[in-house]
Amino acid sequence: MDININTIVSSYATITLFLLMLSIGLREGFANLTVLWRRPGLLFRCVLASFVLVPIASMAVDAIFPLSDPVRAGMAAMAVCPGAPMLYRKLSGMKVDTALAGSYQVTMSLFAVVLVLLWIILINLLYLRQNSNSIGDVARQIAFVQLIPITAGMVIRGWVPSLADDLLEPTEKISFRMRLGALIIVLIVGLPEILR
């Protein structure tokens, strides 16, 4: 049976992100969802930074340096994907408002459903005149790795708090170990290309 390494790595990354988002939902629940919404100025700045400034900065880099179309498209795709799921984990270990971090993560995931799709359309027009990304595929990916697990976690936290407590620690531990594994895989698979 012919197994594609890219498929394995992609599936592994998807499961890792799913578990990470699920753990955020299990920890925060619906109670902390609107923390960011109650601060409209900060919400506006977060959306601006995540969905406008970073993609524009990526385009500026693209305009300055000669890059191939696949590299340009890849860089642009990374720039328009918000959320920084590792940020939540990092903030959880510091003396900061983790509820705000959780609200940011959930809110950016909601905005991503629309705004990332708009950026993907633009990326397709600018860089991928052939073999364009399917908008439906992108929407399904965003829903599967962000919206569904976060929502599921929040529902469990809201309806069955004891189950959320039971699931939280193992989910966080597994997702943390899988993230380390993802880093090792990326280094092993990507190192030859990086060196080249």
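Some notes on this structure:
- Rounded Å value of the spacing that divides the Cα centres of region 107-124 and region 52-83: 14 Å
- Ranked from largest to smallest solvent-accessible area, with a 1.4 Å probe on the protein heavy atoms, 51, 44, 30 come out as 44, 30, 51.
- FRET efficiency, 1/(1 + (r/R0)^6) with R0 41 Å, evaluated for residue 31 and residue 69 via beta carbons: 0.35
- The simple spin-label model puts a point 7 Å past each Cα toward its Cβ; for residue 9 and residue 159 those points are separated by 3.8 nm.
- Virtual paramagnetic centre 7 Å along Cα→Cβ of residue 148, amide N under 12 Å, in region 164-185: none
- Zone of residue 184's modelled label, taken as backbone nitrogen in region 1-35 under 20 Å from a point 7 Å along Cα→Cβ: 5-20
- With Cα atoms defining each centre, region 152-196 and region 11-25 are spaced 5 Å apart in the structure.
- Distance between modelled label sites at residue 48 and residue 173, nm, 7 Å Cα→Cβ extension: 4.4 nm
- Nearest-10 value in Å² for the accessible area of residue 15, using the 1.4 Å probe: 90 Å²
The values are calculated or read from the model by the stated rules, or taken from the named source; none is laboratory data. Since the model is a prediction, treat every value here as computed from it, not as a measurement. Reconstructed Cβ throughout: ideal geometry from the backbone, glycine too, with neighbour counts over all protein chains shown. Quick note on the areas: whole protein, heavy atoms, side chains included, nothing else; ligands and nucleic acids left out. Shrake-Rupley method; radii C 1.70, N 1.55, O 1.52, S 1.80 Å.
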